[in-house]
Amino acid sequence: MLIRFFTDLRAGGVPVTLPEFLSLLEALEARVASLSAEEFYYLARMAMVKDERHFDRFDRVFAEHFEGAREAVREADRRAAARMAASSSPSGC
């Protein structure tokens with residue numbers, strides 16, 4: 001997933017290099033960011049974009065690349081909320 005993200009960034013005009021990608025992987029391994037999508041976004045942008053002129057390109061590629069993941073998280077959140085609601089309702093009603 002992240003290798004494709006790296007190649008998508010390059011194809012999208014973000015001049016990311018292999019050392020920058022490896023820095024992101026090291027930061028993830030060190031758990032610099034939690035499991036939050038927002039924290040991952042800022043960590044990835046910090047590690048892989050060295051010139052603010054490329055922020056817009058990064059944002060576009062990030063949104064396109066992780067769109068399916070965002071929808072999967074939303075669906076999982078909806079299912080978890082439904083399970084919690086069902087388990088908290090009184091039985092037999």
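Each reported figure results from applying straightforward, stated rules to the coordinates on display, with no laboratory input. Since the model is a prediction, treat every value here as computed from it, not as a measurement. Backbone-built Cβ (ideal geometry, glycine too); neighbour counts: all protein chains shown.
Counting only residues that are in contact (Cβ under 8 Å) with a residue 24 or more places away in the chain and either touching a strand residue (DSSP E or B) at 6+ places or on another chain (Cβ under 8 Å) or not in a helix (DSSP H, G or I) (or both), the range 2-50 holds 7 of them. The residues of the range 51-64 that are more than 15 Å from the chain's Cα centre (by Cα) and touching a residue at least 40 places away in the same chain (Cβ under 8 Å), listed by number, are His54, Arg57.
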